[in-house]
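Contents: one structure, followed by commentary.
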Amino acid sequence: MLNQIRIIAMSLALLAALTLVAACAHNVTASDDAARQAVEAKNSGGSGAVPCNTTKSGAKDEICGTSTDPARWWNAAGTGTFMGGGSASWDTVKPTFFPPDAAYTHFAIPKGDEKYAAISGWRIKQYVYDIAGISLKSRDDGNQYWGRITGSEYDHMTDDYVAAQLKRVGVQDVHIQKFNMSPQWWPTHWEVSVTGGGKTVELESAWPHSAQPCSNKDCTIAAKGTEGKTWDLKPVWVGLGTPLDFKGKDIKGKAVLIYSIPTPGGEGYSAGWSGAVQRARDAGAAVVFTILGFPGNHVNHGGGTPESAKLTFGLGMDDANTIRHMMEADQNPIVHVNETVELRAGLTTGSVWGTLPGTTDENILIMAHTEAPMQGAMDNGSGIGTMIELAQYYASLPKSERKRTITFLTTSAHHTPAPNAGIQWVRKHYDFSKTALIVNCEHTAGMVLDDLGSSLSGTNVLAPKRFFMQGSDDLKALVTKTFVDYGVGVDAPPSPVAGGELMTLAGLAPGFHVLEDIAYHTDMDIPQYVPEAGLESTARAYAKIIDGVNNMSLASLRVNMGTPVKDRWTPELESEDPGSIPVPK
């Protein structure tokens with residue numbers, strides 16, 4: 001378990017900001033061959049594969065490869081399955097194997113662009129381990145609702161970590177902007193189990209979905225969990241949750257289970273966008289369970305369903321199959337639900353800011369969000385690491401080679417109602433009038449997951465990404481060709497609307513993003529899901545695009561930027577220090 005030991009030890013080094021700076025900065029500054037070989041040897045293990053360090057329910061369904069041999073990288077995992085290995089059951093046959101970095105192809109740097117070899121995918125991967133380690137500390141400290149949750153101490157640890165790294169690589173005027181937050185929905189404890197056939201089984205993969213809309217002044221919520229009681233509910237299985245699936249079924253006051261197709265992952269799943277969850281709520285369901293349709297028993301923290309006072313949980317396939325088997329055997333199962341929720345007030349969050357001065361008064365904004373339930377390695381450790389690596393690359397250049405000032409920015413409150421924090425504050429207060437480009441570093445690398453019968457297979461293939469561009473045709477041509485040249489796979493054609501943090505900044509300046517969408521919002525979003533080769537390709541492509549943009553005039557870029565969006569949240573709350581942001585003019 002050397003890989004887990006490394007991550008846990010790293011996360012323990014994050015107990016205080018000064019310790020964090022000293023420990024983590026040392027890990028990620030080394031880029032020479034000897035340092036790399038030392039880390040690989042530490043991670044390799046004797047078997048070439050170890051159980052992944054993830055959630056309790058997901059651990060038995062995830063194996064992480066550790067081999068450094070590109071000729072034998074899969075051997076320790078054994079052979080896989082063929083269409084479920086001939087099984088007629090929906091039950092998982094084989095655990096998911098996460099290949100080691102040695103399994104992936106690294107794309108060659110195009111001729112003439114050799115300078116981008118200084119951008120290291122290996123170094124970005126170490127940042128990803130560090131950032132996921134902050135989340136693991138949250139879990140190991142005993143939090144059931146764990147991760148880099150906005151407003152938590154681990155949220156602030158992440159800010160401290162990023163600020164330390166930006167200072168280390170040479171970014172100037174680095175500081176953390178603090179924001180007050182509205183009261184937050186905060187589940188502190190939950191238990192979900194099922195009794196049938198004379199036995200009770202804990203449903204370990206259950207994870208509550210957010211119950212906090214923000215359509216009033218203080219973002220208060222009606223949801224109170226089960227208010228200290230255990231609800232004993234009859235389950236109703238409604239398949240995909242279409243109107244036909246609900247026809248003739250009495251679901252009032254019951255636990256409704258909806259099978260949800262990942263489209264493609266743990267955020268955009270069918271139970272949300274098809275209206276199935278809302279259908280169940282409207283029909284009087286006491287609790288709604290969305291079954292994440294990935295083989296295994298993976299945890300899903302939601303985000304694809306509308307917030308509601310109605311209790312909603314994500315549930316893994318294996319746990320859902322346990323209930324279904326009891327129903328099929330006429331064992332009259334009862335689902336037990338107990339959830340304790342706080343409305344947590346007085347929290348703060350932050351954004352990290354820093355700049356690299358250029359030779360003109362024009363600017364480029366490079367940003368990444370920091371919040372994530374669970375490990376959030378791809379979402380968004382990959383983006384944070386990419387931003388830090390770009391900062392190191394551009395800080396190494398003399399000012400005379402930076403045409404435009406580069407502002408580096410993190411945002412929190414990505415999934416959390418915070419009306420005047422994070423990207424909402426940026427949209428309202430940042431001066432975009434001379435911004436030539438917004439580079440949104442979000443979900444920058446992942447691997448393809450492949451369904452094989454009733455098993456989920458990892459691959460050594462870099463996952464394609466949803467991509468979006470706003471700005472001139474010349475900018476779009478530059479982005480598109482660079483992705484081809486650097487092996488950044490994308491969904492085709494481009495998305496018609498921005499996603500992630502760039503969504504809030506639509507229409508304000510030229511910009512682009514890629515967003516890898518498969519394992520995010522699940523417990524499979526671990527560092528081993530994020531290939532070094534993909535991090536490298538994306539970061540080098542981003543640098544090539546930035547340099548290309550610096551050869552274009554501001555006027556030629558700032559066309560076809562779209563229509564600015566309205567506020568996502570209605571309330572207005574003041575930050576602690578609203579005047580401290582270095583907004584380029």
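The values are calculated or read from the model by the stated rules, or taken from the named source; none is laboratory data. Since the model is a prediction, treat every value here as computed from it, not as a measurement. As a convention, Cβ positions derive from the backbone with ideal geometry for all residues, glycine included, and neighbour counts pool all protein chains shown.
Looking at the range 313-337, I want the residues that are within 26 Å of residue 523 (Cα to Cα) and have a partner that is part of a helix (DSSP H, G or I) with Cβ atoms under 7 Å, at least 6 apart or on another chain. Which pairs are those?
Within 7 Å, the pairs are 335/323.
Quick check: is even one residue across the range 112-134 farther than 30 Å from residue 100 by Cβ, of a type outside the set (Asp, Glu), surrounded by fewer than 22 Cβ atoms within 10 Å (Cβ to Cβ) and more than 20 Å from the chain's Cα centre (by Cα)? Step through it out loud before you land on a result.
Taking the range 112-134 and keeping what is farther than 30 Å from residue 100 by Cβ, we get 112.
Subset that is of a type outside the set (Asp, Glu): 112.
After this cut, where a residue has to be surrounded by fewer than 22 Cβ atoms within 10 Å (Cβ to Cβ) as well, the list is 112.
Among the residues that remain, those that are also more than 20 Å from the chain's Cα centre (by Cα) are: 112.
Among the residues of the range 112-134, at least one is farther than 30 Å from residue 100 by Cβ, of a type outside the set (Asp, Glu), surrounded by fewer than 22 Cβ atoms within 10 Å (Cβ to Cβ) and more than 20 Å from the chain's Cα centre (by Cα), which makes the answer yes.
Yes/no matrix, rows are residues, columns are (1) closer than 24 Å to residue 326 by Cα; (2) in contact with a strand residue (DSSP E or B) (Cβ under 6 Å, 6 or more places away or on another chain); (3) not hydrophobic (A, V, I, L, M, F, W, C):
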{"site": "256", "(1), (2), (3)": "yes, yes, no"}
{"site": "259", "(1), (2), (3)": "yes, yes, yes"}
{"site": "282", "(1), (2), (3)": "no, no, yes"}
{"site": "294", "(1), (2), (3)": "yes, yes, no"}
{"site": "298", "(1), (2), (3)": "yes, yes, yes"}
{"site": "301", "(1), (2), (3)": "no, yes, yes"}
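Only one of these is in contact with a Pro (Cβ under 6 Å, 6 or more places away or on another chain) and at pLDDT 95 or above: 535, 557, 478. Name it. Steps first, answer last, please.
Numbers: 535 fails: in contact with a Pro (Cβ under 6 Å, 6 or more places away or on another chain); 478 fails: in contact with a Pro (Cβ under 6 Å, 6 or more places away or on another chain).
Residue meeting the stated conditions: 557.
Consider the range 163-199. How many of its residues are outside the structural domain of residue 57 (by TED's automatic domain parsing) and under 30 Å from residue 398 (Cα atoms)?
0
For residue 438, are the conditions met, namely being among the β-branched types (Val, Ile, Thr), touching a Ser or Thr at 6+ places or on another chain (Cβ under 8 Å) and buried (at least 18 other Cβ atoms within 10 Å of the Cβ)? Working first, answer last.
Details: among the β-branched types (Val, Ile, Thr): yes; touching a Ser or Thr at 6+ places or on another chain (Cβ under 8 Å): no; buried (at least 18 other Cβ atoms within 10 Å of the Cβ): yes.
So residue 438 fails the test.
Quick one: which of 533, 492, 543, 509 is more than 19 Å from the chain's Cα centre (by Cα) and within 26 Å of residue 457 (Cα to Cα)?
Working: 533 fails: more than 19 Å from the chain's Cα centre (by Cα); 543 fails: within 26 Å of residue 457 (Cα to Cα); 509 fails: within 26 Å of residue 457 (Cα to Cα).
Of 533, 492, 543, 509, the one residue that is more than 19 Å from the chain's Cα centre (by Cα) and within 26 Å of residue 457 (Cα to Cα) is 492.
How many residues are surrounded by fewer than 24 Cβ atoms within 10 Å (Cβ to Cβ) and closer than 30 Å to residue 188 by Cβ when one looks only at the range 355-393?
Adding up the residues that qualify gives 0.
Conditions: (1) assigned to a helix (DSSP H, G or I); (2) modelled with pLDDT of 95 or more; (3) of a type outside the set (Lys, Arg); (4) farther than 24 Å from residue 518 by Cα. Residue 39 meets all but one. Number of the miss?
Residue 39 satisfies every listed condition except (2).
Check every one of the strands (runs of 3 or more DSSP E) wholly within the range 403-462 and list those with 1 or more residues that are closer than 17 Å to residue 376 by Cα. Explain how you work it out, then say what you get.
Working: elements: 405-411, 435-440, 447-452, 455-462.
In the range 403-462, 405-411, 435-440, 447-452 are the strands (runs of 3 or more DSSP E) which contain 1 or more residues that are closer than 17 Å to residue 376 by Cα.
Name the residues in the range 560-580 that are at pLDDT below 80 and surrounded by 12 or more Cβ atoms within 10 Å (Cβ to Cβ), would you?
The initial filter retains those residues of the range 560-580 that are at pLDDT below 80, namely 565-580.
If the condition is that a residue be at pLDDT below 80 and surrounded by 12 or more Cβ atoms within 10 Å (Cβ to Cβ), then 565, 567, 568, 569, 570, 571, 573, 575, 577, 578, 580 are the ones that fit.
Would you say residue 542 is in a loop (DSSP other than H, G, I, E, B) and hydroxyl-bearing (Ser, Thr, Tyr)? Let's see the steps before the verdict.
On the way: in a loop (DSSP other than H, G, I, E, B): no; hydroxyl-bearing (Ser, Thr, Tyr): yes.
No, not satisfied.
Does at least one position in the range 141-162 carry a residue that is surrounded by fewer than 24 Cβ atoms within 10 Å (Cβ to Cβ), of a type in the set (Val, Ile, Thr) and not assigned by TED's automatic domain parsing to the domain that holds residue 233?
No, the range 141-162 contains no residue that is surrounded by fewer than 24 Cβ atoms within 10 Å (Cβ to Cβ), of a type in the set (Val, Ile, Thr) and not assigned by TED's automatic domain parsing to the domain that holds residue 233.
Listed here are the residues, each with its yes/no results for (1) in contact with a Gly (Cβ under 7 Å, 6 or more places away or on another chain); (2) assigned to a strand (DSSP E or B); (3) of a type in the set (A, V, I, L, M, F, W, C).
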site	(1), (2), (3)
313	no, yes, yes
321	no, no, no
335	no, yes, yes
338	no, yes, no
350	no, yes, no
354	no, yes, no
378	yes, no, yes
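Here's the yes/no breakdown for (1) surrounded by fewer than 24 Cβ atoms within 10 Å (Cβ to Cβ); (2) under 19 Å from the mean Cα position of the chain (by Cα); (3) modelled with pLDDT of 95 or more; (4) farther than 25 Å from residue 430 by Cβ:
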{"position": "496", "(1), (2), (3), (4)": "yes, no, no, no"}
{"position": "501", "(1), (2), (3), (4)": "no, yes, no, no"}
{"position": "504", "(1), (2), (3), (4)": "yes, yes, no, no"}
{"position": "528", "(1), (2), (3), (4)": "no, yes, yes, yes"}
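Can you say whether residue 391 is in a helix (DSSP H, G or I) and aliphatic (A, V, I, L, M), as far as the supplied structure shows? Please lay out each step first, then the result.
On the way: in a helix (DSSP H, G or I): yes; aliphatic (A, V, I, L, M): yes.
Criteria met by residue 391.
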